[in-house]
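Heads up: the structure comes next, in structure tokens.
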Amino acid sequence: MVAGGTSPGAAPQGAGEAPRQARGTPARVLVASNRGPVSYTRAEDGTLSARRGGGGLVSGLSAIGPEADALWVCAALGDGDREAARSAQGRLDTGDTGGQPVRMLDIPSGTFEAAYHGIANSVLWFTHHMLYHTPLEPVFDEDFSGQWAGYEAYNAAFADALAQEAADGAAVLVQDYHLALVPGMLRARRPDLRIGHFSHTPWAPADYFRLLPDDVAAQVLAGMLGADRTAFLTARWARLFAECCARVLGATVEGGGPPREDAAPEGLSSDDAAPEDFSLTVTYEGRTTHVGVHPLGADGDFLRERAHRSDVADRLAQLRDQVGTGPDGAPRRVLVRVDRTELSKNIVRGLYAYRRLLADRPEWRERVVHLAFAYPSRQDLAVYRDYTAEVSRVAEEINREFGTGGWTPVVLHVKDDFARSLAAYRMADVALVNPVRDGMNLVAKEVPVVSDAGCVLVLSREAGAHEELAPDVLSVNPFDVRETAAALHSALEADPADRAERTRRLAATATSRPPARWFLDQLEALPG
């Protein structure tokens, strides 16, 4: 049983209102996401310790203030979370959450595994990032059917909890691909609610999205269209979603007609449409859903303050020692990347491009160091473990091929360290952000904000951030190693004054929509 709720395997309820069995004051604003603002671990003495996180949702909920009667609904992700959720009967101690009311759902581990690993991370993530090796995958068989049932049950558990906790006419903001079915399920339970859905990933073109089984593709889209408004990080992803609705569901798209990846609706090209002016609607089975765009920006005030604390200064000194000076005694140039070892981040091709730079431009040997921070991600999945190992292998190969007694071409760090990442941002001459596909990519926005002397950003045209930052970056095709190597060379040669001016403009763009505004804009844009 879900703590304070119903069985996650229960069939979705029919139209009409669900019983409201909230454990606290009915909430006027609710956020639903897979991961919540706090996680729990068990200490050796048997006590639970809470660790609070940050991010756009935390900032946004803080911005609306306690008078908004806001509630965060999330899932227990591990044993510590499950124990905390059970002992609190769903509503967590606000002393652990920084004062934010949080309901954590104790969804059975088998259901969670099927939904999170089986569907969300291994199917929907791969689809939207276009990561499948199609001669061999995907394969949708009996195992998939069981995992999809778990995904349905997981979404139903969230819909039940939200229906129980929401006040009359409350606003509910559902987050991301983990919960794509929740808007439709919640609409059936509580038609009085104002429901929004936000996608933090890219969206696949219709031809790729239709790799999914037909019924599943339709169910995902129809689930999201249960929202009054569904929103995306860029206009490109929003148009691709509308295209899928038109082609898979036969829905009616207005605002320029069914969009194509290479042609925006009339008057809404990605070059001239401000996010607040973006306007599309999708009508399906008599309901109309508004489609919006909300780019997530960097929190400039926080980053600038955090980047000048003592722990960052210590890491900065350590990194400068690792980078060292060139044969002429001058400080070496610094090329930085900071990523999780997520398959979409394209770290291996980035290393190939750096190797090509050293091979084709020997003048940079011993004069540049690549600080590559590749923090392991999703190591419970074999394909991610293999990818992480390949990153290390290629870095070591470059060091063997080009390194000397006094110069290590690639300094690879694999232990997550936020202070060290900020130190690298500050000292970067060049930042490489080359994902094969990314919903936004906040690293591309954070580096210019923190940079001490200005940094040239080499940015994949497939990153969502490219839609905003393109005028002041060196754009690359993430699959073209030669082009990326040439861009790195140009970046390293950039005039310092021009580099500083570009960085100033990038920082201004990157911080124009900070997390609190991003959240509040979604809330205010809900119809009704």
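Please pick out the residue among Gly326, Gly350 that is farther than 30 Å from Val58 by Cα, small (Gly, Ala, Ser), buried (at least 18 other Cβ atoms within 10 Å of the Cβ) and modelled with pLDDT of 95 or more.
Numbers: Gly326 fails: modelled with pLDDT of 95 or more.
Just one listed residue meets the conditions, Gly350.
Scanning the stretch 375-391 for residues that are of a type in the set (S, T, N, Q) and buried (at least 16 other Cβ atoms within 10 Å of the Cβ) returns Ser377, Thr388. Scanning the stretch 299-322 for residues that are under 11 Å from Ala424 (Cα atoms) and part of a helix (DSSP H, G or I), which turns out most open to solvent (accessible area, probe 1.4 Å)? Once the filter is applied, the top-ranked residue is Arg320.
Matching residues to (1) open to solvent by less than 60 Å² (accessible area, probe 1.4 Å); (2) among the hydroxyl-bearing types (Ser, Thr, Tyr); (3) within 23 Å of the chain's Cα centre (by Cα); (4) closer than 19 Å to Gly226 by Cβ:
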residue	(1), (2), (3), (4)
Ser122	yes, yes, yes, no
Trp125	yes, no, yes, no
Thr134	no, yes, no, no
Pro138	yes, no, yes, no
Glu142	no, no, no, no
Ser145	no, yes, no, no
Trp148	yes, no, yes, yes
Tyr154	yes, yes, yes, yes
Ala159	yes, no, yes, yes
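Taking the condition closer than 26 Å to Ala204 by Cβ and surrounded by 22 or more Cβ atoms within 10 Å (Cβ to Cβ), does Val456 pass? So Val456 fails the test. Looking at the structure I just gave you, is Asn441 under 14 Å from Val338 (Cα atoms) and either surrounded by 22 or more Cβ atoms within 10 Å (Cβ to Cβ) or not aliphatic (A, V, I, L, M) (or both)? So Asn441 passes the test.
Which of the residues that make up the stretch 85-105 are outside any loop (DSSP other than H, G, I, E, B) and modelled with pLDDT under 90? Steps first, answer last, please.
Of the residues in the stretch 85-105, the ones outside any loop (DSSP other than H, G, I, E, B) are 85-87, 91, 102-105.
The answer is Ser87, Arg91.
Condition first: in a helix (DSSP H, G or I) and modelled with pLDDT of 75 or more. Now tell me which residues in the stretch 65-84 satisfy that. Once the filter is applied, which keeps residues that are in a helix (DSSP H, G or I) and modelled with pLDDT of 75 or more, the stretch 65-84 yields Ala68, Asp79, Gly80, Asp81, Arg82, Glu83, Ala84.
Candidates in the stretch 88-107 are the residues that are over 20 Å from Ala163 (Cβ atoms) and touching a helix residue (DSSP H, G or I) at 6+ places or on another chain (Cβ under 9 Å); of these, the one that is least open to solvent (accessible area, probe 1.4 Å) is Gln100.
Hey, does the stretch 359-375 have a residue that's out of contact with any Cys (no Cβ under 7 Å at 6 or more places or on another chain), among the basic types (Lys, Arg) and within 17 Å of Val391 (Cβ to Cβ)? So far as the stretch 359-375 goes, no, none of its residues is out of contact with any Cys (no Cβ under 7 Å at 6 or more places or on another chain), among the basic types (Lys, Arg) and within 17 Å of Val391 (Cβ to Cβ).
Here is a yes/no grid of residues against (1) out of contact with any helix residue (DSSP H, G or I) (no Cβ under 9 Å at 6 or more places or on another chain); (2) over 27 Å from Thr234 (Cβ atoms):
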residue	(1), (2)
Leu131	no, no
Asp143	no, yes
Ala149	no, yes
Ala153	no, yes
Ala163	no, yes
Asp168	yes, yes
Gly184	no, no
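Note on the stretch 485-508: residues that are open to solvent by 60 Å² or more (accessible area, probe 1.4 Å) and in contact with a Ser or Thr (Cβ under 8 Å, 6 or more places away or on another chain) amount to 0.
The values are calculated or read from the model by the stated rules, or taken from the named source; none is laboratory data. Just so it is clear, the model here is predicted, and its values are computed rather than measured. Please note: Cβ atoms are built from the backbone with ideal geometry, for glycine as well, and neighbour counts cover all protein chains shown. With ligands, DNA and RNA removed, areas are computed over all heavy atoms of the protein, side chains included. Shrake-Rupley method; radii C 1.70, N 1.55, O 1.52, S 1.80 Å.
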